[in-house]
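Worksheet: one structure, shown below.
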Amino acid sequence: MMRLTRICVAILVSCSACAAQEQIRLDGVDVRYTGISQPYAESIARVVSAARTLAIENYQFDMPETIYVEVLADPSRKVSLFNDGQDRFSLTVRTEKDLAQPRSSGVFHIYGLCHEVGHLAMYRPIRNHSWLTYAAAEGWAHYLGSRLVDGVYEQLGPDLWPDQYDYLRDGTQRLQSQLDSGAASPMAEAAGRWKEMVELVGDINVAPIFSAWGKAQIDATDPGKALREALQDSDVAQQLTQWFDRAEDSLILKRPKSGFAAETLATDSLSGESIEVAHDDGEQSGKNSSAGGGHAVRFESGPGTPSYLTAVQIHGSRYGRPAAPKEDFRVWLCDEDFKEIVEFQFPYSKFKRGDPKWVTLKTKPTKVPSQFIVCVGFNPTATKGVFVGYDKAGTGNSLRGLPGGGPKGSFELGDWMIRVTLEKASHEAALKGEMAAENVKTQRRTWKDSTGNFTIVAELVGFEDGMVRLKKENGVVISIPLEKLSAEDQEFVQQK
């Protein structure tokens, strides 16, 4: 039996209605709402409570003791529903009319709430899920959310929502129809892959797989290796491995490293004359938090001797709870193809709540190519993140996306207010670098394969476990089995 408690909270919120926030508590759910009626708030609480219970009892997922749901009606906002990956949902509507049945509002709220419970089932055991494609994460929530809709309907019946409608059609009926259509979206296709996995292992055996994946040491360049190994403890390991082989391309995101070497320089070897490179005009016209992606900007280092990245400046402010989350956000230096050269980590506490300000993030001096991209990722949720400012007049150099996955496209609203500080090496350090480069150049040789048909000019940089590592003239390092080289080259390697 669900126990429901209604409380009026004596605080005001800064919305157009300036209405008192009220509260409803149900088993495992705490809903705080402003600007909507009690019947809708109660229905939201009942949906989340039932879905949470089903996730625990039917699937044995580790769900939070309480899911906190904040609902706000604000005519100035868009309809949105987010989770923080742990225990909180944030639902925003313009008016209560947006909570009407889908035929009137265009919004599937019962399914949406179950979808967010599906996200928690995955995100809680897999804290670092950056290796999942966007379609994979949304596809899992679509799959489990659809099944939870079926379960909620079975428990609470057709009269659950104040504006009654047949919400059972939004569950697995709709998912199966999407899969059978022959034109399923990437999210629906991914949901179909997860459906295959669950049918292999059974409902209660998904949670242990997610837990094992959450503990795995993931190599971002090839996540599949560790994920496959984590499947080997299953009773159906062979079938799971075969499933993973089929699903990997659509579910797993590989982030290949750049061939441009991450070379650093001591601070005292810099020239002492830095330049700030910016595309924005310094006037913020808006702000944005990029869920499921990052804020990226293209830069050029200019002609002459190599430049070194010494700092990144970001104009922004933190949102969410008063205390900064005890985690790091990431800044990536990438080549022009958006492949990672090096990753820097900084604490969330670098950004303060309130008015946006310029925040300087100092980096270890790192050599940049002539054209490069700097990307910032905050892994934002409904209750934590950073609003990054942007100006009005864009130059086309601002992008959305994360390293490895390629840019999702240009940021059309303006230029991100992200800048970089570059500095050349001192004359002495530059001279040493030139001498070292010349020394390397003299060590380069022309390599041939065992057939004599293939040649390459490169420098020997390593030999281990039968693999020869060669650095080509463009800086890219390749690996070649020793036996694939000519007899003369094999002898040269073995003498070294």
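Structure notes:
- Ellipsoid fit via the Cα gyration tensor, the stretch 5-202: semi-axes of 28, 18, 16 Å, each the root of five times an eigenvalue, largest first.
- Compared with the rule-of-thumb size 2.2 N^0.38 Å for a compact globular protein, the stretch 267-425 has a Cα radius of gyration ratio of 0.99.
- Listed from fewest to most Cβ neighbours within 10 Å, the set 154, 96 follows the order 154, 96.
- Mean projected area (nm²) of the alpha-carbon convex hull when the stretch 127-188 is viewed from all directions: 5.5
- 16 Å Cα-Cα reach of residue 225 towards aspartates and glutamates, excluding residues that sit fewer than 8 places from it in its own chain: 233, 245, 248, 249
- Cα long-axis angle, helix 134-156 against the chain (0 to 90 degrees, to the nearest 10): 20
- Using a cutoff of 8 angstrom between alpha carbon atoms and counting only pairs six or more residues apart, the relative contact order for the chain works out to 12 percent.
- Those lysines that a straight Cα-Cα span of less than 25 Å connects to residue 326, excepting residues fewer than 8 apart in one chain: 215, 287, 350, 352, 357, 362, 364, 384
- For q = 0.11, 0.14, 0.16 Å⁻¹, Debye-computed log10 I/I(0) when each Cα of the stretch 181-328 counts as one equal scatterer: -0.77, -0.99, -1.08
- 0 to 90° range, to nearest 10: angle between helix 186-201 axis and the chain longest Cα axis: 80
- Those chymotrypsin sites (Phe, Trp or Tyr not before Pro) in the stretch 193-288 that DSSP places in a loop and that have at most 14 other beta carbons within 10 Å: none
- The stretch 168-194 and the stretch 355-403: distance between their alpha carbon centers, rounded to Å: 35
- The angle between the Cα long axis of helix 237-251 and the main principal axis of the chain comes to about 80°, on a 0 to 90 degree scale.
- Neighbour counting of Cβ atoms within 10 Å sorts the residues 144, 160, 175, fewest neighbours leading, into 160, 175, 144.
- Extension gain, residue 300 to residue 273: 0.36 nm times the residue separation minus the Cα-Cα distance gives 8.0 nm.
- Listed by chain and number, the aspartates and glutamates whose alpha-carbon sits under 12 Å from that of residue 97, ignoring those within fewer than 8 places in the same chain, are 74, 163.
- Given their separation in residues at 0.36 nm each and the Cα-Cα distance between them, residue 127 and residue 392 gain 91.8 nm when the chain is fully extended.
- Computed over the stretch 5-202: relative contact order in percent, which uses C-alpha pairs under 8 Å that are six or more apart: 16
- Karplus-derived 3J(HN,Hα) values for the stretch 358-370, using 6.51 cos²θ - 1.76 cosθ + 1.60 with θ = phi - 60°, are 6, 10, 9, 10, 7, 10, 5, x, 10, 4, 10, x, 5 Hz; glycine and proline are entered as x.
- Look at 211, 104 and count the other Cβ atoms within 10 Å of each Cβ; fewest to most, that gives 104, 211.
- Relative contact order of the stretch 267-425, pairs being alpha-carbon contacts under 8 Å that are 6 or more residues apart, as %: 43
- Taking the Cα centre of the chain as origin and assigning +1 to Lys and Arg Cβ atoms and -1 to Asp and Glu Cβ atoms, the resulting dipole is close to 940 debye.
- The chain - Rg (one decimal) and Dmax (whole number), Cα, Å: 26.9, 84
- Working from label points 7 Å from Cα in the Cα-to-Cβ sense, the residue 80 to residue 488 distance is 6.5 nm.
- Calculated from the alpha-carbon coordinates, the stretch 51-114 shows an Rg and a Dmax of 13.5, 40 Å respectively.
- Area projected by the alpha carbon convex hull of the stretch 444-495, averaged over all directions, nm²: 3.2
- Set of the stretch 251-280 residues, backbone N closer than 15 Å to the point 7 Å along the Cα-Cβ line of residue 456: 259-260
Every number here is computed from the coordinates shown, using simple stated rules; none is lab data. The structure presented is a predicted model; accordingly, all values stated were derived computationally and were not measured. Cβ sites come from the backbone with ideal geometry, for glycine too, and all protein chains shown count toward neighbours.
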